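Notes to accompany the following structure.
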Amino acid sequence: MNKKRMNGLIGVLLVIMLLATACSGNVKSGADKATDGNSTAAPSTDKAALDPYGKSTEPITINIAQKLPSGDITLPAGQTIENNGMTKIYEDVLNIKLNREWSAVDGDPYNQKVMLSIASREIPDAMMVNEEQLRMLVKANLLEDLTVAFDDYASPKMKELHIDLAKSASLNTATFDGRLYGIPDIAIKADAYTLLWVRKDWLDKLKLPEPKTIDDIENIAQAFIDNKMGGDNTIGLLGPNTPELANDKGNRVNGFDAIFSSFHSFPGHWIKNTEGKVTYGSIEPETKEALAKLRDLYAKNLIDKEFFLRENPKELFLSGQNGMFFGPWWMGWGDLTQSFEKNPDAQWKAYSAPADKDGKLVTHLQPISRNFLVVRKGFKNPEAIIKAVNMRVGVIRRVADLPEGLFDRWEKEVESANIPDAIDIFRINADDINAVTFARHQMLDALDGKVNEATLQPEIKEAYGMAKKYMDDRTVVKYYPDAIADGHNLSDTGGYQAYIIGGAPLDNTYEEVSSLLYSPTETMKTRWANLLKLEDETFLKIVIGNAPLDSFDSFVKQWRSLGGDTIIKEVEETIK
């Protein structure tokens, strides 16, 4: 869910939108777009019918909202954001011409313009939106039904990613009353898991068992400190330098998410309690139990005493002062390998820890889809947009059924020309939801001779090539001086290690918990910032000992009275 404070402008726009919705009938978005009704009944009848990359017989102009990256955009001489090597390929291959209706820098400026479009009921033919904006647009009856267009024109790779691999979970996020109203992106599931990274060389030197439980983590932290493994000021376990001790997203470094999950506590998540009722994970008794444990670890000096004040916590493990922290699978790709600059003998291993009291591994997930490409209701050629997404995903995934010569041309005229991906409206982050596990086992099987390396996907083959040449230990992230001597940098050695070592814990069986909702309700738009501040401040004070543990109970009462109970009811209604 979006936990940022919505500014005053957007609040006003929401009111305008609701008024507009109440007073409007059929949707028309300008003279050049005045096509009534949804085009969901029949596909195109030209020669490109049902061809996922088929070129339209007539030119199709798509008015788009252009999301711009912050900072300067450098394009080849003579090219512009509206007319460049990328747009030329869309025009030549699909007969699609892109017209920039409006543009804004990614982030708040772009979101504000989206909200203005919704409020005015004047949306472009295609634009990227978040989940909250998607719901608004559906409610306002401003979007084209893409069900038939997707069924007819989505490429085999698109259907594989969304239907076969993601089990339609991604499509479900954009489906309302059984109809598809947007093309969602797909997040990699592994990014949601919080793993425990430990200096394995320190464990071995102290002859300590590998961590499984919260008690193991406590014992390891104490041993690292007592034996001054990182010097006189060794730190046992790092913590987050953000207000949130745990969150509802993925890719978390130094957060305590895994500890909360081991107590079946899910701060920031909308879940169902043991009675089957919708509730907010942060106010449940399991969260109090997790806070009590963190409070105990902090009081024993096993957690960095200044974790909430650190500007850059990773400096502690980069310097060798720390040997244990929580983070995602990809830590081996960059940060961990950089630790070898000062500690070339360091060896890091990722663990699924801590388990719950019964030995079961538990994790929260992240939203499978955060962004959606939507199409204006009444746009006559929704299949053209599906084809463009097919083509873009096909280039990224290097699929075999792309039009002949397309990939080479894209590589030459777009990638080699350094045209930024960020200006491409059709660049949907559509990945294999299990990409990390898949890549890991593909590489291992190829190394073991079970898979022909020639059949590996290009992005996997590159990491595999490094592993085949240099890797001599599949259990730890370590320094490979031969690779550096051959001209590679430390990050180059991180790719195969991140997949093979960072991905190893993902082979374990987890109980996975998703939030019931990731977008804000009406009351959240005005109350959530204060409620979140109350939560973050209370939890931090409890952990560092500035407030008693029982202040959690007062927090729950206050949270409910300040709008929390109303929000719970709204979440119940929304998920229905």
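Overview of values
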read-out	value
Failed item in (1) more than 14 Å from A422 (Cα to Cα); (2) crowded, with 19+ Cβ neighbours inside 10 Å, with A65 passing the rest	(1)
Of all residues making up the stretch 382-402, the number that are at pLDDT 95 or above and either assigned to a strand (DSSP E or B) or surrounded by fewer than 20 Cβ atoms within 10 Å (Cβ to Cβ) (or both)	0
Residue check, I73 crowded, with 17+ Cβ neighbours inside 10 Å and assigned by TED's automatic domain parsing to the domain that holds Q133	no
Pairs with Cβ under 8 Å, 6+ apart, first in the stretch 42-64 and at pLDDT 95 or above, second β-branched (V, I, T) and assigned to a loop (DSSP other than H, G, I, E, B)	I64/I425
Residue check for L318: touching an Asp or Glu at 6+ places or on another chain (Cβ under 9 Å) and aliphatic (A, V, I, L, M)	yes
Test set (1) touching a helix residue (DSSP H, G or I) at 6+ places or on another chain (Cβ under 9 Å); (2) free of Cβ contacts under 8 Å to residues at least 24 places away in the same chain - M128 fails condition number	(2)
Near pairs, Cβ below 7 angstrom, 6+ apart or cross-chain, from the stretch 475-497 (surrounded by fewer than 17 Cβ atoms within 10 Å (Cβ to Cβ)) to any residue that is of a type in the set (G, A, S)	S491/G334
Checking S519 against (1) outside the structural domain of S339 (by TED's automatic domain parsing); (2) under 30 Å from I568 (Cα atoms), the condition it does not meet	(1)
Enumerated helices (runs of 4 or more DSSP H) restricted to the stretch 476-576, each holding at least 3 residues that are touching a Lys or Arg at 6+ places or on another chain (Cβ under 7 Å)	524-544
P184 vs. criteria surrounded by fewer than 17 Cβ atoms within 10 Å (Cβ to Cβ), at pLDDT 95 or above and farther than 28 Å from G332 by Cα	no
Residue in the stretch 175-194 that is free of Cβ contacts under 8 Å to residues at least 60 places away in the same chain, out of contact with any strand residue (DSSP E or B) (no Cβ under 6 Å at 6 or more places or on another chain) and in a loop (DSSP other than H, G, I, E, B) present	yes
Meets criteria (touching a residue at least 12 places away in the same chain (Cβ under 8 Å), acidic (D, E) and in the same structural domain as W528 (by TED's automatic domain parsing)) for D296	no
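Listed here are the residues, each with its yes/no results for (1) assigned by TED's automatic domain parsing to the domain that holds P382; (2) within 23 Å of the chain's Cα centre (by Cα); (3) aromatic (F, W, Y); (4) in a helix (DSSP H, G or I).
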| residue | (1), (2), (3), (4) |
| --- | --- |
| E91 | yes, no, no, yes |
| R100 | yes, no, no, no |
| N111 | yes, yes, no, yes |
| E132 | yes, yes, no, yes |
| A149 | yes, no, no, yes |
| D152 | yes, no, no, yes |
| K159 | yes, yes, no, yes |
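The values are calculated or read from the model by the stated rules, or taken from the named source; none is laboratory data. Predicted model only: the values in this text are computed from it and were never measured. No Cβ is skipped: glycine too gets one built from the backbone with ideal geometry, and neighbour counts run over all protein chains shown.
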